[in-house]
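Laboratory data are not the source of any read-out in this text; all were calculated from the coordinates shown. All figures in this text were calculated on a predicted structure; none of them were measured in a lab. Every residue, glycine as well, gets a Cβ built from its backbone with ideal geometry; the counts of neighbours run over all protein chains shown.
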Amino acid sequence: MKQMKQWTFLICIAMLMLTGCNAGGGEKKETGDYESTKKMVADILKTDEGKKAITEVLSSDDMQQTYVVESPAMKEAVTEALSSDKGKEFWEKMFKDPKFVEAYALAMQEQQKDVLKNLMSDSEYQKKLIEILSNPDMEKQLLTVVTGQEFRSHLEKVMEETFSSPIFQAKLADLILQAAQEMKPPQESGGSEGGGSSGGESGGGESGGGSEEGEGEQGGGGGG
């Protein structure tokens, strides 16, 4: 019902313009009627009701789907507007807003994934990426970033969070036990048994010699 009123309002304006253009009675009269009709339409559009009606009609989904502008002139105009100094200043301000950046990143997340997947499978892109990373200036910049205080602080924070994780602690304990078991030397059962038997024999021989010496001393005492 609301859209019907808006369309009726616009149709009335169009009829007024056509009536002014088609009025007969000479060239001067036609020019006068056209100018008066044009002024009338301009005055109507300047009113709050006229502005509201035009805005609501143009912002409706049906109107946007029906009159999608795809002309090269419009594309060129939009490109020039975005690449102008005012356009750059506008986007710089927008990207300083955290909420806008977050919404923009979420909206472009899937597209960025697809682009990165396609690029990573492109041999030419891989070659260029290797050339960039092997560039001495790039290596110097990466080294500067890695050795910087900010990166170190971030790395320390990540390490603290990792070490405090129960899952990581359990895995680390398993690895330590496994390494300790692998470092133990294998026990030689044959060598230990041989050593034990030889020790027993030597001990027995010593005890036998001692007893013989004692008997000899006792016999000498009896003869005296």
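In summary, the lysines within cross-link reach of Lys113, defined as a Cα separation below 22 angstrom excluding same-chain residues under 8 places away, comprise Lys99, Lys127, Lys128. Highest mean packing comes first when the peptides 43-53, 94-104 are listed by Cβ atoms within 10 Å, giving 43-53, 94-104. Straight-line reach from Lys75: which lysines have Cα under 19 Å away, leaving out those fewer than 8 places along the same chain? Partners found: Lys86, Lys88.
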